[in-house]
Amino acid sequence: MPLVRISLLKGRSAAQLRAIADGVHQALVESYNVPLKDRFQIIEQRESTEMIYDRDYLDIERTDDVVFVHIVAGRWRDTATKQALYAAIAQKLSADPGLRPQDVQVIISSNDKDDWSFGNGVASYIPNAA
């Protein structure tokens, strides 16, 4: 189960926010082996004073359309799968809502199966946790 936090500057329409959220989830399903109904996302819209980023770090030119996609997910995926996810997210958000790939930054924070509780006070991925 990934938990996805999408951070961006205020000013996007509800349709644009939904397109970003949907694109990220579609990429997770198609390239990261996430079940379709495994969707947990938080969208944070920030004032310009609350998001500080280097506009040309690693020679990638960013604009105020920059979107940070922070994914917390299990560490059981390999580098090739992560690279496929980065490419899929950039492609989907470029197609709809029309973001520049340079403005899509993805960060994965990996953890272990015992780091997840989906409710009921149990480690959901650990056998006999209930």
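Rule-based calculations on the coordinates, nothing more; no lab input. This one's a predicted model, so the numbers in the text were calculated from it and none came from an experiment. Note: ideal-geometry Cβ built from the backbone for every residue, glycine included; neighbour counts use all protein chains shown.
Odds and ends about this structure:
- Using θ = phi - 60° and Karplus 6.51 cos²θ - 1.76 cosθ + 1.60, couplings along the range 10-26 (whole Hz; Gly, Pro as x): 4, x, 7, 6, 4, 5, 5, 4, 5, 5, 5, 4, 5, x, 4, 5, 4
- Rounded to 0.05, the FRET efficiency of the Ala87 and Gln16 pair, given R0 = 25 Å and the Cβ-Cβ distance, is 0.75.
- Segment Arg46..Leu9, full-extension length gain: 12.8 nm, with 0.36 nm per residue of separation and the alpha-carbon distance subtracted.
- Packing here is the average count of other Cβ atoms within 10 Å per residue, and on that basis the peptides 29-42, 98-111, 115-128, highest first, run 98-111, 29-42, 115-128.
- Enclosing the Cα atoms of the chain in their convex hull gives a volume equal to 122 cubic angstrom per residue.
- Antiparallel DSSP beta bridges within the chain, percent to nearest 5: 30
- Amide H contacts of Gln41: Val4, each under 5 Å away and 5 or more positions distant or on a separate chain (H built 1.01 Å from N in the peptide plane; Pro and chain starts excluded).
- Dipole magnitude of the range 16-130 about its Cα centre (Cβ charges: Lys, Arg +1; Asp, Glu -1), debye to nearest 20: 460
- Mean Cα-pair separation over length for the range 3-115, i.e. relative contact order, pairs under 8 Å, 6 or more apart, %: 37
- Its Cα gyration tensor gives the range 18-70 an equivalent ellipsoid; the semi-axes, largest first and in whole Å, are 26, 14, 8.
- If you count Lys pairs in the chain whose Cα atoms are under 25 Å apart, skipping same-chain pairs closer than 8 places in sequence, the total is 6.
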